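Notes follow once the structure below has been shown.
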Amino acid sequence: MSSSGRETSWELSLYELNRTPQELITDSTEIAVSPSSLEEHFRCAICLDLTKNTMASMVCLHRFCQECIVPALRRGNKQCPICRTKLATKRSLRPDPNFDSLIEKLYPSGGENEAHQEQLVSNANRQPSQALAHSVEEGMSTQALNRGQRVRKHGGGEDDGGSGSTAPSSTAAHGVRLDGGPAAVHGGEASAPSTPGALSAPTANSTAERGHAPPAGGGGPLRPKTLQNSTVATESTGGETEETDAKETALNSEIELVLKPQPQMMREDSSAQVRYIKITANAKVAHVSTYLAIRLALEKLERDVSVPRSVAPFSLSIAVTPGQFALLPGSMTLDKVNKKFWTLNKPLELYYWHHLRRN
């Protein structure tokens, strides 16, 4: 290949050596091309829109909008935004009116295209704001609902506490102590009298003012045993309610488990593998052990029909420290295991193993 009297060699790449040339079209064949497929060739790499007032680089021939490339060269590092070719100043650019005329012929309705794009942008901006407002409203309604439930629960607890505190107040008003001894009331405050078994003068006066006559024979209007029984019944009812709430919470929640074979089992049985399951929090360790036994039996039956269907029961343990395992009892629930042993923010990891039968 010769150029201006000097011969230069053009080294072809492997692709250029092996590619087949395209046949030259000599007849009136026309190929239909959609404008959308050509749009990427007429798009400015800076504003990603159709090029306007095209300016072409005289070094790499990349084309940009004039209002895009001139500020980019003024503020940037004097390089082509596409190929990083050095462009010292805007004198390295030249206008390309032929490219502008080609765009006008292919896209005669440029104004309509801009209006359509502005409408798409406004719709895209409006939709996330509507979705955000909708999610905020849902979150506020959920918080209000939960707040109402908490208020109702606290209100029920205050009612129980009020019924439990009525008896002591009435007892103090009548001068009866919980331990069976008398108490004196003066100005709304209870104090022990100096002489046991007798009411002081302020007590009698306050009783007469309230319209209650002191009972004959020195007996109190309420027996302490009955009051203690009612207090114990109230406390037991509250405990049962808390237990029921805890059970309902465990029933509705789920726990993700990662069941890994213990290193001892890995040495004895190479087919053991890590298993991932999700189960309710109120399930017990024995349930997981039974699931593993049934699952392993089915897998062995699929591989070999002659193997026995029964599998030795599994034992589950948890790693307390690296290399040290704590055996879990079958009656313990997974919720208790999670609260007692697991403090990491990831699925609960348990280790399973069983003793293989030897002939």
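This table checks each residue for (1) in a loop (DSSP other than H, G, I, E, B); (2) of a type in the set (F, W, Y); (3) at pLDDT 75 or above.
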site: A312; (1), (2), (3): yes, no, no
site: I318; (1), (2), (3): no, no, yes
site: P329; (1), (2), (3): yes, no, yes
site: Y352; (1), (2), (3): no, yes, yes
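Find the residue count for the stretch 276-292, including only residues that are closer than 15 Å to S317 by Cα and in a strand (DSSP E or B).
Of the residues in the stretch 276-292, the ones closer than 15 Å to S317 by Cα are 284-290, 292.
Within this subset, residues satisfying the condition of being in a strand (DSSP E or B) are 284.
Final tally of qualifying residues: 1.
The values are calculated or read from the model by the stated rules, or taken from the named source; none is laboratory data. Quick caveat, the model's predicted, so the values are computed rather than measured.
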